[in-house]
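Only one structure is covered here, and it is reproduced in the block below.
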Amino acid sequence: MSSMPDDEQRRDFMRRSLTLIPAVSLGSGVTLTASAAEEPPALADYQPSFFNTDEWQFILAACDQLIPSDEHGPGALETNVPIFIDKELYGPFGHADRWYMQGPFITDGDPELGYQLPYTPRELYRHGIAAVERYCQQEHDKAFSALDAATRDDILGRLEQDKIDFAALDAAPLTAGVFFSFLWQNIREGYFADPIYGGNKHMGAWKMIGFTGARANFREWVEQHNVPYPLGPVSLSGERG
Amino acid sequence: MASNSTVIRKEPVDAVIVGLGWTGSIMGMELTDAGLNVLALERGNDRTNADFTYPKPADELAYGVRMEMMQRPSQAAITIRRNLNETALPNRYLTSFLPGDGVGGAGVHWTGVLYRATPVELKLKSFADEHFDKGFLPDDMTIQDYGVSYEELEPHYDFFEKVCGISGQAGNINGQLIEGGNPFEGPRANPYPLPPLPGTYNNALFAQATKNLGWHPYPYPSANVSQAWKNPYGMQLGPCNFCGFCSKYGCLNYSKSSPQTCILDALKRRENFAYRTNCEVTRVELDSDGKKATGVTYIDGDGNRVFQPAELVIVASYALNNVRLLLLSGIGKPYDPVANTGVVGRNYSYQMTGSIDMFFDDIEFNPFVAAGANGQVIDDFSPDTFDSARHGFIGGSYIYTAQGSGAPISNTPTPGDAPKWGSGWKKAVKDNYGHSMSMGTTGTNMAYRDCYLSLDPNYRDPNGDPLLRMTLDWHDNDIRMTRFMRERMLEIVRELNPRSHVEGFKNFGDHYDTRHYQSTHNVGGAIMGTDPSTSALNRYLQSWDVHNVFVMGANAFPQNMQHNPTGTVAALTYWSAKAIREQYLKNPGPLMSA
Ligand SMILES: Cc1cc2nc3c(=O)[nH]c(=O)nc-3n(C[C@H](O)[C@H](O)[C@H](O)COP(=O)(O)OP(=O)(O)OC[C@H]3O[C@@H](n4cnc5c(N)ncnc54)[C@H](O)[C@@H]3O)c2cc1C
Ligand code: SF4
């Protein structure tokens, strides 16, 4: 809570917006928190709070396939996306805190009516990973993370297209397609969300595409048409890139 | 009702307002002006401008993805089905529409495109009867006139534009057309309070292309204000800095008109106004013969059931919530689509939308330089600006380009042939970010006999009350309309000649797909009119059945117009307030005879 009375704060803002501070100096208004100075953890040192060891191996391997590290830019592992997912599942999102989770759960309705499983995201990941691992054991006698890259890609493609029968793997009513869509959505979130959530380490994904993060002040750029913006991103905690 | 548990009884007030978003805040000003003792009850948390200080809102995950500003389905979900035979299923997390929660309501995280209705949109049925052949409209289309005219609403539109400091270019002042504005708008008494926002490059490209095609581009009327503004309530706004965290976010710069920036500080200073947060109203209570409300029951933050007596009840809890509260309270006869009787729930409609993303090789758009209402628009294909009958439909859309956000979790479009994940996806995102622009249509949705709102028979909220059930699907008239708009947009694509484009339009046989965000322009369900057998509210937004209940919101729209609703929602609120102040308070009773 801020102790500044609303009126005073408003005047302060009015002054700031009228004088149009240039984007370069915007960071000076940011309260630098301790975390700005803290180096994000190395993925190898991170102890997951939600995933168990086997699940963690799956998440690492899936992240590496879905956003690999290559000449175009950093991959999901380099940017700590698995840490983001672990933290999200450990926190309110994982518990579906905002979702309507009362029954009856009618899971054979038209998919266009949206998500109807009785699972929170935590449960969905638990069941989903277990089903994929059972599939890998059945088909290849190996864990997902022990498969070669081409085979992993093939399996992820089948998941995406809902071509692995989760019912036959004892995972109904979860389907391969729904599991994949959560996994892929959360991976993209971790890649592109502000680093305070654990992924997008050093704003690597933002730098790759040229997103400015929390700069949030561009008045003088509106009418500079077709001119590339020159500055790198800033993060919520004040990191600059 | 609350008969089993102990009910706390509060001191009576003159007027209780259910919900403190846009309409609740406006009513608060108007009724305190009239000298009434007013109490607002808000379901969500309190929120002040301090909650939106930099850099807090610049957080796409929290606000753009996890939707922290919005109604929690865990508290009040909505069930959806597409026809009378389907079993409605709950929208378990928000997707298609994003109602607000907390002080300010959806007025905090809205985009800020502020429109008026056109004169024709307010009397669409009369217009159709005059201009279309008999039998042209399908039998099951139930469109109606509002029962209030553009001329009657004009002063209220004008005032609300001043409250918000709307930035735009007038196209018609007292019948005189003005170059650069929208020539198809209704006549305005005054220009917009502020000049239009400056525009990003996509706007310039769109304006040129549509001019080449002989159409009439104009800048979006914007509640992201272009200059410093002091409104009639003495509230001040500062110029929008194109922060790029606008729609779905609270404004970090006092630049987006909202209840917080435009009304609430002024309202809170009044001694005859009070508000309580975390108070969820569950019933409007009626006297023994059901003709008059005695107050409302709510559940407070500690779980207590509380009865708040009031002489006047203003329901202002957002269109969908308003309809549910009327149904739960037994105010007005519920609509039955089979027997075609009843009114509450009738004529629910939505918004027909479509989009095209265009990808270029060598253009820099700087997509993070963005504001919700930063855009250019044409109204050349509105309900009354071209001969839609020749194309087999009634209705229309405005076509626009907007650069509203470059936040990358949700705004990294890629061409249709790009891989959906892996190295190829990453390359496509990198190559196209900053080099694409989007266009969209916002279009009418007519009302139909089988599109309506009711209480769900299967699903309940944590209080044990039935959820609201929505029955909605697309009809051919509206699909024909959107296919026509697609053709027009493809003409713009040909003018701009991008490397490739991706389109998203509904087609014949498509059903309402609830999984994707479409619009939070949910309208109808408790509509206004002049005939109690086909409207729940009279033309002053007063319940036909319970005269001291007035209902504010887009639930009053008999069908959906192409333009965004809030200008009309606000104008109707001021219109209703005027009737309450000038007529009702002097002589409480029905303002129209049934
Ligand atoms: C992302 C987004 C973008 C939008 N963009 C635009 C736009 O560009 N242009 C436009 O015209 N419109 C836009 N809208 C719509 C606009 O926000 C609404 O039309 C407007 O806020 C409606 O005002 P209202 O007073 O009816 O509801 P709200 O402003 O939402 O206020 C309703 C309030 O009632 C409270 N409430 C609900 N139930 C209860 C209860 N049982 N008890 C107590 N309180 C309750 C809610 O918590 C809320 O605070 C947008 C909406 C969204 C979500
Ligand atoms: S774009 Fe402008 S109006 Fe919108 S939130 Fe940012 S500063 Fe406010």
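The values are calculated or read from the model by the stated rules, or taken from the named source; none is laboratory data. What you see is a predicted model; the values in this text were computed from it and never measured. A quick note on method: Cβ atoms are made from the backbone with ideal geometry, for glycine too, and the neighbour counts reach across all protein chains shown. In case anyone asks, the SASA skips ligands and DNA or RNA and just uses the protein heavy atoms, side chains included. Shrake-Rupley method; radii C 1.70, N 1.55, O 1.52, S 1.80 Å.
Overview of values
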{"read-out": "Euclidean distance of C-alpha centroids, the range B:198-215 and the range B:13-82, integer Å", "value": "36 Å"}
{"read-out": "The protein assembly as shown - Debye-derived log10 I(q)/I(0), Cα point model, q = 0.06 Å⁻¹", "value": "-0.38"}
{"read-out": "Where trypsin sites (Lys or Arg not before Pro) fall in DSSP loop in the range B:106-194, at most 15 other Cβ within 10 Å", "value": "B:Lys134"}
{"read-out": "Largest-first ellipsoid semi-axes for chain B, taking √(5λ) over the Cα gyration tensor eigenvalues, angstrom", "value": "36, 27, 25"}
{"read-out": "Counting all C-alpha pairs of the range B:298-352, share separated by more than 19 Å (%)", "value": "45 percent"}
{"read-out": "Bins of 5 Å, starting at 0 and running to the largest distance - Cα pair percent for the range A:38-110", "value": "3, 14, 19, 18, 14, 13, 10, 5, 3, 1"}
{"read-out": "For the range B:244-258, residues shielded by at least 20 square angstrom of accessible area compared with the chain on its own, probe 1.4 Å", "value": "B:Phe245, B:Leu252, B:Asn253, B:Tyr254"}
{"read-out": "Probe 1.4 Å, accessible area per residue of the range B:56-189, Å²", "value": "34 Å²"}
{"read-out": "Threshold 50 Å² - residues in the range A:59-84 whose accessible area is reduced by that much or more when the chain is no longer isolated, probe 1.4 Å", "value": "A:His72"}
{"read-out": "Qualifying GluC sites (Glu not before Pro) for the range A:66-96 [loop in DSSP, other Cβ within 10 Å: at most 11]", "value": "A:Glu71"}
{"read-out": "Set B:Lys230/B:Lys256; B:Lys56/B:Lys430; B:Lys125/B:Lys333; B:Lys162/B:Lys256; A:Lys87/A:Lys163; B:Lys56/B:Lys256 screened for pairs whose C-alpha atoms are more than 20 Å apart", "value": "B:Lys56/B:Lys430; B:Lys125/B:Lys333; A:Lys87/A:Lys163"}
{"read-out": "Under 14 Å from A:Lys201, Cα to Cα: aspartates and glutamates that are on another chain or at least 8 residues apart", "value": "A:Glu38, A:Glu39, A:Glu78, A:Glu189, A:Glu239"}
{"read-out": "The protein assembly as shown - mean residue ellipticity at 222 nm from DSSP helices (-39,500 (n - 2.57) per run, n ≥ 4, rounded to 500)", "value": "-7500 deg cm²/dmol"}
{"read-out": "Solvent-accessible surface (1.4 angstrom probe) belonging to B:Arg499, in square angstrom, nearest 10", "value": "110 Å²"}
{"read-out": "Buried accessible area, chains B and A (both chains, 1.4 Å probe, Å² to nearest 100)", "value": "7000 Å²"}
{"read-out": "Accessible area, probe 1.4 Å, largest first, for residues B:Tyr433, B:Tyr517", "value": "B:Tyr517, B:Tyr433"}
{"read-out": "Carbon/sulfur fraction of accessible area - the range A:51-210, other protein chains in place, 1.4 Å, %", "value": "48 percent"}
{"read-out": "Exposure rank, largest accessible area first [A:Thr79, B:Thr385; 1.4 Å]", "value": "B:Thr385, A:Thr79"}
{"read-out": "The range B:467-520, accessible surface, carbon-and-sulfur percent (1.4 angstrom probe)", "value": "42 percent"}
{"read-out": "Over the range B:1-144: Kirkwood hydrodynamic radius from C-alpha pairwise inverse distances, Å", "value": "19.8 Å"}
{"read-out": "Rg followed by Dmax, in Å, when the range A:183-241 is reduced to its Cα trace", "value": "12.6, 39"}
{"read-out": "Directionally averaged projected area (convex hull, Cα atoms, the range A:51-210), nm²", "value": "10.0 nm²"}
{"read-out": "GluC sites (Glu not before Pro), loop per DSSP, at most 11 other Cβ atoms within 10 Å - longest free stretch of chain B", "value": "B:272-594"}
{"read-out": "Straight-distance crosslink candidates among lysines, where the alpha carbon sits under 19 Å from B:Lys10 and sequence neighbours closer than 8 are dropped", "value": "B:Lys292"}
{"read-out": "Per residue convex hull volume, Cα atoms of the range B:433-514, in Å³", "value": "152 Å³"}
{"read-out": "Hydrodynamic radius by Kirkwood, which averages 1/r over all alpha carbon pairs of the range B:143-195, in angstrom", "value": "11.7 Å"}
{"read-out": "Surface accessible to a 1.4 Å probe, per residue, for the residues of the range B:271-411, Å²", "value": "30 Å²"}
{"read-out": "Chain B: antiparallel DSSP beta bridges as a percent of all, rounded to 5", "value": "65 percent"}
